[in-house]
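The values are calculated or read from the model by the stated rules, or taken from the named source; none is laboratory data. Here the structure is a predicted model, which means the values were calculated and not measured. Note: ideal-geometry Cβ built from the backbone for every residue, glycine included; neighbour counts use all protein chains shown. To get the accessible areas, we keep the full protein, side chains included, count just its heavy atoms, and leave off ligands, DNA and RNA. Shrake-Rupley method; radii C 1.70, N 1.55, O 1.52, S 1.80 Å.
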Number of protein chains: 2
Amino acid sequence: MRDDPDFDVEDFLPYLLNQAAEASSLEFQRVYNDRYGMLRNEWRVLFHLGIYGRMTASDIGARAQMHKTKISRAVQRLAERRYLIRQRDETDRRVEHLELTPTGQKVYADLRNVARDYNDALVEGLADADVARLRSVLRALAKRRG
Amino acid sequence: MRDDPDFDVEDFLPYLLNQAAEASSLEFQRVYNDRYGMLRNEWRVLFHLGIYGRMTASDIGARAQMHKTKISRAVQRLAERRYLIRQRDETDRRVEHLELTPTGQKVYADLRNVARDYNDALVEGLADADVARLRSVLRALAKRRG
DNA sequence: ATGTAATAGTTGTCTTTGTAACCAATAGGC
DNA sequence: GCCTATTGGTTACAAAGACAACTATTACAT
């Protein structure tokens with residue numbers, strides 16, 4: 001195996017991605033936390049339901065790459081706050097359908113707008129083509145299963 | 001405020017970055033975990049000491065954007081395993097200098113090589129120019145303080 | 001139909017993190 | 001010098017996460 005002392009952490013993509021991800025989500029995290037006392041997982045679940053409408057915990061898990069226990073707990077807290085309602089599927093009683101309440105939808109709409117503005121600010125100064133390329137690379141990396 | 005139902009999570013950069021970061025570090029995480037029982041923070045500290053040599057906890061914190069408690073605990077565990085030694089600064093006795101032991105350096109060299117290979121695999125199929133651009137965008141995003 | 005496996009979701013336990021409070025030592029103002 | 005503020009680092013406790021084990025229900029093979 002070649003031995004390469006010149007390889008720096010700062011070149012290491014997972015590290016760079018992590019730093020970028022953390023720094024770029026900090027500010028937004030404060031918004032959903034301060035305004036609605038939500039945690040990241042709760043925000044994620046809310047967002048998915050807001051965009052895709054009625055869906056099950058498993059659906060969210062598959063889309064968001066979130067473990068089912070995280071979803072279970074996030075759903076619990078969102079239900080307590082009356083941001084969503086749970087409905088048993090009557091043909092398969094293991095399944096629970098989740099849907100935002102009107103309150104939940106208001107919260108979602110608010111946060112979605114903040115997210116959009118925040119996103120605009122993040123990519124400000126970058127060419128559209130570069131942003132598109134960035135997104136596609138990130139999607140490719142995200143798809144890669146460890 | 002404009003109301004934009006078309007804005008999707010999948011367009012949201014912090015989300016994409018997180019997904020990419022998580023997916024792309026999974027495999028590597030397993031390596032340092034399985035081989036050396038190390039956690040991410042420990043790996044980060046080890047890596048910094050490996051690359052930059054003797055430095056203090058604060059130095060690492062400043063470079064890696066890591067909170068001092070994370071560093072404190074990581075250093076503790078690395079010291080227990082004799083991967084590093086701590087030396088009080090005699091002119092300012094608050095400060096502690098950290099340095100890898102020969103064992104620590106071996107571990108570092110091993111993981112650095114794995115990281116390099118892993119990184120190569122990650123960017124495989126991407127043009128060098130694209131990778132360079134990606135890095136620079138990520139660095140810019142990481143610098144942004146929330 | 002009946003026993004085994006699979007699936008949806010929850011709970012329990014242990015580990016890891018976050019935050020704030022805390023020492024100890026130095027720096028700075030007066 | 002002396003009092004207060006700052007800095008480097010650790011510790012304590014609560015919150016969040018990982019992971020396996022669990023319940024309930026359905027699917028599937030024979």
Of all GluC sites (Glu not before Pro) in the stretch A:11-107, the ones in DSSP coil with at most 10 other Cβ atoms within 10 Å are A:GLU90
Checked against the positive end of the charge dipole of chain A (+1 on Cβ of Lys and Arg, -1 on Cβ of Asp and Glu, about the Cα centre), the farthest of A:PHE12, A:ALA109, A:GLY53 is A:GLY53
Inter-copy label distances at A:GLU96, 7 Å along the Cα→beta-carbon direction, one decimal in nm, shortest first? 4.5
If I model a spin label at A:ASN113 and B:ASP117 as a point 7 Å from the Cα along the Cα→Cβ vector, what separation in nanometres do I get? 5.3
In nm, what does the list of distances from B:GLN76 to its counterparts in the other copies look like, shortest first, when each label sits 7 Å along Cα to Cβ? 2.8
List, in order, the whole-Hz ³J(HN,Hα) value for each residue of the stretch B:87-99 obtained from phi through the Karplus relation with A = 6.51, B = -1.76, C = 1.60 and θ = phi - 60°; use x for Gly and Pro. 10, 4, 7, 7, 8, 9, 6, 7, 7, 10, 8, 10, 8
Going by accessible area, probe 1.4 Å, with all protein chains left in place, what is the ranking of B:THR56, A:THR91, largest first? A:THR91, B:THR56
Need the list of aspartates and glutamates near A:LYS68 for cross-linking: C-alpha distance under 14 angstrom, and skip anything on the same chain fewer than eight residues off. A:GLU42, A:ASP59, A:GLU96
Chain B, relative contact order [Cα under 8 Å, separation at least 6], %: 19
Give the long-range amide H neighbours of B:HIS97: residues separated by 5 or more places, or on another chain, with amide H under 5 Å away, using H modelled in the peptide plane at 1.01 Å from N. B:GLN87, B:ARG88, B:ASP89
Would you list B:TYR118, A:TYR52, A:TYR36 from the most to the least accessible area, probe 1.4 Å? A:TYR52, A:TYR36, B:TYR118
Calculated label separations, B:ASP110, copies of the chain, 7 Å along the beta-carbon direction, nm: 5.2
Treating only the Cα positions of the stretch B:9-143 as identical point scatterers, give the base-10 log of I(q)/I(0) from the Debye formula at each q in 0.10, 0.15, 0.21 Å⁻¹. -0.39, -0.83, -1.33
Shielding of B:110-121 by partners, i.e. mean partner chain Cβ atoms within 10 Å per residue? 4
Inter-probe distance in nm under a simple model that places probes 7 Å from Cα toward Cβ, at A:ARG139 and A:GLN105: 2.8
Between A and B, which A residue has the Cβ nearest their rotation axis, distance in Å? A:ALA21, 2
Pop out the carbon and sulfur fraction of the accessible area of the protein assembly as shown as a percent, whole number, probe 1.4 Å. 47
Scalar couplings 3J(HN,Hα) for the stretch A:44-57 by Karplus 6.51 cos²θ - 1.76 cosθ + 1.60 (θ = phi - 60°), nearest whole Hz, x for Gly and Pro, are 4, 5, 4, 4, 4, 5, x, 7, 9, x, 3, 7, 9, 4
